[in-house]
Structure formats: structure tokens, C-alpha cells
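Visitor: Just dropping this structure here.
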Amino acid sequence: MAPNETLQVEKHSIDFVPHSERYGKARGLFPIWFTVNANMLTIATGAVAVALGLPLAWAIVAAVAGHGIGAVFMAAHSAQGPVLGIPQMIQSRAQFGYRGAVLPLVLVVLMYLGYIASGAVLAGNALAELLGWDVDVSIVLTTVAATVIAIFGYRLMQVWVNAVSWVTAIAFAVLTIGFFFRNDVGGAFATGEFSWGVFLLAVTLSATWQLTYAPYVADYSRYLPARTSAKATFWWTYAGSVVSSVWMFVFGALLAAAAPEAFGGGSVRFVAEQAGFAPWLFLAIMVLSSLPILAVDLYGAFMSLVTITGALRHARTISKRGRVLTVSLLSATGVLIAILGRGDFLDNLENFIVLLAVVLVPWTSINLVDFYFVRKERYDVADIFNPAGRYQGTDWRAITAYAVGVAVEVPFMSTALYTGPLVEVLGGADISWLVGLVVSAVAFYVLMKRYPVRRGYAPVPEGPELSQARAGAPSPGVPS
């Protein structure tokens, strides 16, 4: 890739990536998903289970189980990218309708803003510790750096990730090894008291961490050639995300169990000191490692917001000026939330992640069932951008399945803001995400089979089927 190409603002946003512009191998997805998880935000989230009182050993089991399960769905979305050649969230138009997709998109934009704020807090803390600057100023500066990367887009993000992936991996390996020499590991395993409720909540946090990547994933596989193996796309994505996430969650749990006061729910200086030498170097690396996830969040928020405004304007592209303004607006909003909410960071983070499951799990379930079991990869991509096409208006079938999925989750929720009536029956466990996943999938599948042509749909001539699947030929008829 030529340097001048890397430093050009990406010309594609929510539109289809032509086959002539596809490049790369599926293995390139591993460093992307490894790097975006190798940061202080993931470590701080991993500490939540221990902070809730769960024994360290069970916190580790919960991390492995939750990430292992949740990443199955996340990586299944990744396999959609080479087939369709469009970003993840605009695919929602095929399920929810051209205008109906605005509902999940608005919720996803709110999710992105929450993650931008959370990442900005920890990135700002790292920079403030490194240089002795004011935390709020540091939050602004780190977010501005990530904003520049997001504005330039996919190519610069890919180059940045590849550049920092090995440095990040080596740095966290040194910090992890240093932890075992500097702390009472045996004592750490003796803390906490097992509770099924807290254990299942910890599993929920880990699984939801992966599920919240669902709106991102195809954004980074859509540039791969259409003939790219679905299996390779799935496994390279899965491996990168699970290896990094489990490692960081376990590291966070270890830190919280061995030194709860020193770690304090996310002290970047304490983490940097685990190496036993040059904490400034590791603080600098943590600042660098925080930029990819911030940039990824801003990039995803930008494309989701453009999908919303595009539906209102009937547009599929955005100017460079519009791109700069949109990303900057999202960045400024995230910074404001970060500065206002950083005082109760760990509690806010826990509640935020659990609440995300309620609104995102039904969406991911509907999207995957439609792609793999209903339409079976057969989409008219041109009509996804056509307000009068086969995906016009609002699809009552997806909206109904989504509403049912959210509704059945509510009684099983357990957060500081709300606890459902069935939580106590289950010993305090939060299994809302699992219930929502299954119920919304079944509801959507049944409705699509019972009503293969939705009410109010006016048939239109088929547009060019740009997805071409992997065979390079037009796909067969596409259900409406």
C-alpha cells in the first residue's frame, strides 16, 4: 500500500465497495481485533467481576466462557463483509426496512458514544499520568488524535493497528509477567465468595463485550475480496478478539483481586508499574494502544449516523467536509460525556454494558438469522440504497421480533438502575442477553416463514445484485 493512499481520506462510507477495490487476506483481521481489545478499557472491565465479589478463579472462568460464547456471534457478522461489501449497520435495512432501520441505528450510535467516552477516560488518564497534565485536557487530546485517524478512515486505521499490535502485545506480556513477581497471587485467589448470580452476571459482561462489537465487525471485512473464505474470516476474527479479550479481562481480574486499593478500578499508573521498570514507557504504550479502539468507535459511530441521515436524505455518500464535521461532532459529544462521567467510571461502565445487551442482542440475533437462515446470503445490495426498492419503508416483521426480544429481556435484567422480577428467582443471575438472543431469533424466523412477503410491499424490478456472493455471478431470487 502506497503511503499516499494511506494518507488519503477514505472515499467510501456506507456505500458498496467495488470488487476492483477489494484487497487483503482474512488473517489481516486478527491484528485488528487483537489490538482494539488490548487496552485499559478491557482491563478495567475485566476487574468488574472481582469488584462485585466473585472469587478470582470463577472470574477467570466467566471471562473464558462469556467471551468464547459471545465471539461466536460477533465473528459470524464478520463473515458477512466480503459477501455484501457494505458496512455492518446498513445491512439492517434488509431486515428492518429502509426507514425502519433507523431505530436500531439510533441505539447503536448511543452505544458508540458510551464507548467513546469510556475509552477517552482511560486514554486521558494514561496521558495525564505520563506527562502530568490535567486529565480533562488529556481526554480531549487523545480523542482528537483518534478523531484524525477515524476521519482518514479504513486504510490509516489498518496501518496504525498493524504498527502498534506487536508493541502492544509485547508490552502487556511484560506487564502480565511482572504482575506475578510483584504481587501475592496466592492471596488473590483466596478472595471473594462464589455466587451463581454474580458469576452469571460476569458471564453476561464478557459475552456482551463481544456482542457489542456486532455493529462494527463487517466494517473491517468488507474490503476483503468476495471470494474470501467465510471460515477463514470467521476464525481470524474470533481468534483475535477472544485471545486479546480473555487476556485483558483475566489481567484486570488479577489486578483487582491482588491489589484492589492500588488498582482502584482502573489506575493506569499501577498497571504500568507492574513491569518493575520504566513506567513512563508503558504509560506511553497504553496511550498508543488506546487510540485504535477510540478510532474504531468513532468510525463506526460515523457510519451509523451517516446511515441514519442517508435514509432521510436518500443519499449513499457524504462529502469530505461532511465526514470531518460528522466525526468531529461525535468526538466532541463523547468527550463531553467522558468529562462529566469519569468520577464514577467503573459503576457507570458496568451498568452501561449490561444495558447495551438489552438493545443490541435482539438486533444481532435478527441480523444473523436473516443472513444465514432466511435469505441465506442472497441480498439485492442496490436496493439497500433504494428507498422505493424491495426493502422500502419499515418491515413490521423485524420490528415485532425486536420488540418482543427486548420485552422478554426486561424481567431478567439485573442492574443498579433496575432489577427484573425474575432475577431473585434465579439467585440474582442476569441471563437477559441469552433470553433475548433466543426469543428474538425464533420470533423473527417464524414471522419471516409465515409471512414471506410483508404486508404493504409493492414488488419492484430487481436491481443489479452487487453482492455477487462468492461465485461472482448474480444470486437467485431474493425474498422480500
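The values are calculated or read from the model by the stated rules, or taken from the named source; none is laboratory data. These figures come from a predicted structure and were not determined experimentally. Note that each Cβ is placed from the backbone with ideal geometry, even for glycine, and that neighbours are counted across all protein chains shown. When the accessible area is computed, the model is the full protein with side chains, heavy atoms only, and any ligands, DNA or RNA have been set aside. Shrake-Rupley method; radii C 1.70, N 1.55, O 1.52, S 1.80 Å.
Visitor: On the accessible surface of the chain, probed at 1.4 Å, how many percent belong to carbon and sulfur atoms? Spell out each step's value before the answer.
Guide: Details: 11900 of 17460 Å².
Reported share for carbon and sulfur atoms: 68 percent.
Visitor: Ranked from highest to lowest mean number of other Cβ atoms within 10 Å per residue, what is the order of the peptides 295-307, 94-106? If you can, show how the numbers build up before the last one.
Guide: Details: 295-307: 27.3, 94-106: 23.3.
For the peptides 295-307, 94-106, the packing ranking is 295-307, 94-106.
Visitor: Further, regarding this structure: P(r) for the chain: what percent of alpha-carbon pairs falls in each 20 Å bin, starting at zero?
Guide: Bin by bin from 0 Å, the calculated values are 25, 58, 17, 0.
Visitor: Can you tally the net charge around GLY124? Count Lys and Arg as +1, Asp and Glu as -1, for every other residue whose Cβ sits under 12 Å from the Cβ of GLY124.
Guide: Counting the neighbours of GLY124, the net charge comes to -2.
Visitor: Moving on to the next point. Could you grab the Rg to Rh ratio for the range 229-306? Cα atoms only, Kirkwood for Rh. Intermediate results must be reported in sequence, preceding the final value.
Guide: On the way: Rg = 16.3 Å, Rh = 15.0 Å.
In the range 229-306, Rg relative to Rh is 1.08.
Visitor: Output the 0 to 90 degree angle, nearest 10, between the alpha-carbon long axis of helix 279-313 and the longest principal axis computed from the alpha carbons of the chain.
Guide: In the chain, helix 279-313 runs at an angle near 20 degrees to the longest axis.
Visitor: In percent, how large is the relative contact order of the chain, given Cα pairs closer than 8 Å and 6 or more residues apart?
Guide: Numbers: 886 pairs, mean separation 143.5, N = 480.
With pairs under 8 Å counted, the relative contact order is 30 percent.
Visitor: Convert each backbone phi in the range 92-99 into a coupling constant with the Karplus relation 6.51 cos²θ - 1.76 cosθ + 1.60 (shift: θ = phi - 60°), then list the ³J(HN,Hα) values in order as whole Hz, x for Gly and Pro.
Guide: Listing the rounded values in order: 4, 4, 5, 8, 8, x, 3, 9 Hz.
Visitor: I'd like to compare 32-42, 331-341: which one has the highest average count of other Cβ atoms within 10 Å, and what's the full order after that?
Guide: Working: 32-42: 26.6, 331-341: 18.8.
Put in order of decreasing packing, that is 32-42, 331-341.
Visitor: Taking the Cβ of LEU422 as the centre, find all other residues whose Cβ is under 13 Å away and add up their charges (Lys, Arg: +1; Asp, Glu: -1). Provide the component values of the computation, followed by the final result.
Guide: Details: positive: none; negative: GLU409, GLU424, ASP430.
Once all neighbours under 13 Å are counted, the net charge is -3.
Visitor: Let me know the charge dipole size of the chain about its Cα centre in debye, to the nearest 20, where only the beta-carbon of Lys, Arg (+1) and Asp, Glu (-1) is charged.
Guide: 1840
Visitor: Considering only Cα-Cα distances, which of the following residue pairs are longer than 19 Å: LYS376/LYS449; LYS25/LYS231; LYS25/LYS320; LYS11/LYS376? Intermediate results must be reported in sequence, preceding the final value.
Guide: On the way: LYS376/LYS449 13 Å; LYS25/LYS231 12 Å; LYS25/LYS320 28 Å; LYS11/LYS376 30 Å.
Going by Cα-Cα distance, LYS25/LYS320; LYS11/LYS376 fall outside the 19 Å limit.
Visitor: Given 0.36 nm per residue, what is the gain on full extension from LYS25 to ARG313 after removing their alpha carbon distance, in nm? Could you put the intermediate results ahead of the total?
Guide: Numbers: separation 288, 0.36 × 288 = 103.68 nm, distance 3.50 nm.
Answer, rounded to one decimal: 100.2 nm.
Visitor: If you count only protein heavy atoms with a 1.4 Å probe, what accessible area per residue comes out for the chain, rounded to a whole Å²? Present the calculation step by step, with values, prior to reporting the outcome.
Guide: Details: 17460 Å² over 480 residues.
Value for the chain: 36 Å² per residue.
Visitor: Return the calculated 222 nm mean residue ellipticity for the chain, to the nearest 500 deg cm²/dmol, obtained by summing -39500 (n - 2.57) across DSSP H runs with n ≥ 4 and dividing by the residue count. Before the final figure, lay out the partial values.
Guide: Numbers: 21 runs with 309 residues, N = 480.
Calculated from helices alone, the mean residue ellipticity at 222 nm is -21000 deg cm²/dmol.
Visitor: In whole Hz, with x marking every Gly and Pro, tabulate ³J(HN,Hα) for the range 328-341 from phi via Karplus 6.51 cos²θ - 1.76 cosθ + 1.60, θ = phi - 60°.
Guide: Ordered by residue, 3J(HN,Hα) equals 5, 4, 5, 4, 5, 5, x, 5, 4, 4, 4, 5, 6, x Hz.
Visitor: Please list, ordered by chain and number, the residues whose modelled amide H lies under 5 Å from the amide H of ARG378; skip anything fewer than 5 residues away on the same chain.
Guide: none
Visitor: Further question: Take each of the peptides 446-452, 73-79, average the number of other beta-carbon atoms within 10 Å over its residues, and list them starting from the highest.
Guide: Values: 446-452: 14.0, 73-79: 25.4.
Per-residue mean Cβ counts within 10 Å order the peptides as 73-79, 446-452.
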